[in-house]
Amino acid sequence: MAVETLEQVYPQAVCALQYAKPYELLIAVRLSAQCTDARVNQVMPTLFATYSSLEQFAATNLSDLEEIVRPCGFYHTKAKKYQGYGVPDLRKFWWRCSEYHGGSFIPSWCWSQDG
């Protein structure tokens, strides 16, 4: 209900984050914490040129990932979320959001481990 109301009130609203795949948006949203969307958009091309799948994120060397996301601030914490245990969870949560919302809206509960 809230989503429909927002769509009516702001029909021209668009997402400032640039992404090609649904999981890229989920990662971009996490990167944007305490960071501008413009900065995230500068980091994303390098990030996804280097890691083109969720499996590559999960298998990456943490320090390599940290270097890429460093401009977004809190790089150690953010990189750690994507490396190892964090990224496989994205697939589960994206499926859950897509199932519920048809992939058109990603609610905040998608990020909750308890959600």
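The values are calculated or read from the model by the stated rules, or taken from the named source; none is laboratory data. The shown structure was predicted, so the numbers you read here are calculated from the model rather than taken from an experiment. No Cβ is skipped: glycine too gets one built from the backbone with ideal geometry, and neighbour counts run over all protein chains shown. Please note that ligands, DNA and RNA were not included when accessible areas were found on the heavy atoms of the full protein model with its side chains. Shrake-Rupley method; radii C 1.70, N 1.55, O 1.52, S 1.80 Å.
Observations on the structure shown:
- Among the residues of segment 16-28, those identified as in a helix (DSSP H, G or I) and either open to solvent by 60 Å² or more (accessible area, probe 1.4 Å) or free of Cβ contacts under 8 Å to residues at least 60 places away in the same chain (or both) are Glu24, Ala28.
- Within segment 29-67, the residues that satisfy the criterion of being assigned to a helix (DSSP H, G or I), in contact with a Leu (Cβ under 9 Å, 6 or more places away or on another chain) and open to solvent by less than 30 Å² (accessible area, probe 1.4 Å) are Leu31, Val40, Asn41, Val43, Met44, Leu47, Leu54, Phe57, Leu65.
- For the residues Leu25, Leu65, the requirement of being modelled with pLDDT of 90 or more and of a type in the set (A, V, I, L, M) singles out Leu65.
- Count - residues of segment 44-62 that are at pLDDT 85 or above and within 12 Å of the chain's Cα centre (by Cα): 3
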